[in-house]
Amino acid sequence: MAPADTKSVGIIGAGRIGKAMAQIARRAGRPVVIANSRGPQSLASLVQELGGGVTAGTVDDAAAADIVVLAVMWPDVSRAVDGLDWSGRVLIDATNDFDPSDLNGRTSSEVVADLVTPARVVKAANTFAAAVLASDPQQAGGQRVIFLSVTTPTPRPTSPTCSRPPDSSSSTSAGCAREATCNRSAAHSPATT
């Protein structure tokens, strides 16, 4: 059983990424509520497979957790988060928009942040395949690390290919090259899965 100060995790989306994120949260000892658009009854076998500490709930139940993971397909994002209370929440955005033509020059995380205002949005878990994400991060003696990007409440200007604002004296690619060296800054922090 998790201590009283352990933050709960709600997962919206019960596909491969949602399942992997539930496994990660359970490894960390966090209670998990997992939800999908078909309702809790459709998740009985998944909850049984994931084991103790994981319950099936509604999307409202998952969104009420301290930390919420959004693990749905991009076309379903807006519908999945619509009408939910995001006050005081941290949302881990594990989505990918594979056709950025609908973003109007913005990042997908900026779009998600607008949909879940006033939640704090952390972009993570969208660069590994689900099987890799769910596996033991220290397998074979290694230590897998993922990088997080936090969307701040005040939008910063960005270029289409770089998540950092380019400075006026350099090209976008130079700005992105510098980004690779600053992964420990406030906006980009490594985390072990």
Restricting to DSSP loop positions (anything but H, G, I, E, B) with no more than 15 other Cβ atoms inside 10 Å of their own Cβ, which chymotrypsin sites (Phe, Trp or Tyr not before Pro) remain in segment 32-133?
Phe98
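So, counting K/R as plus one and D/E as minus one, what does the shell of residues with Cβ under 12 Å around Pro75 add up to?
-3
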Using a basic spin-label model with each label point 7 Å from the Cα along Cα→Cβ, how many nm lie between Asp85 and Gln139?
4.0
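What are the equivalent ellipsoid semi-axes of segment 1-50, built from the alpha-carbon gyration tensor (square roots of five times its eigenvalues), in whole angstrom, biggest first? Please report the intermediate quantities before stating the final value.
Numbers: eigenvalues 74, 23, 19 Å².
Semi-axes, largest first: 19, 11, 10 Å.
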In Å, what Rg and Dmax follow from the Cα atoms of segment 9-99?
12.0, 38
Relative exposure of Lys19, Lys123, judged by other C-beta atoms within 10 Å (fewest first)
Lys19, Lys123
For each of Ser45, Ser8, Ser101, Ser37, count neighbouring Cβ atoms within 10 Å of the residue's Cβ, then give the residues from fewest to most.
Ser101, Ser45, Ser37, Ser8
Fewest-first ordering of Leu91, Leu50 by Cβ atoms within 10 Å yields Leu50, Leu91
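Taken together, the values in this text are just the output of simple stated rules run on the coordinates, not laboratory data. Quick caveat: nothing in here was measured; it's all calculated off a predicted structure. When we count neighbours, we look across all protein chains shown, and the Cβ atoms used for this are built from the backbone with ideal geometry, even at glycine.
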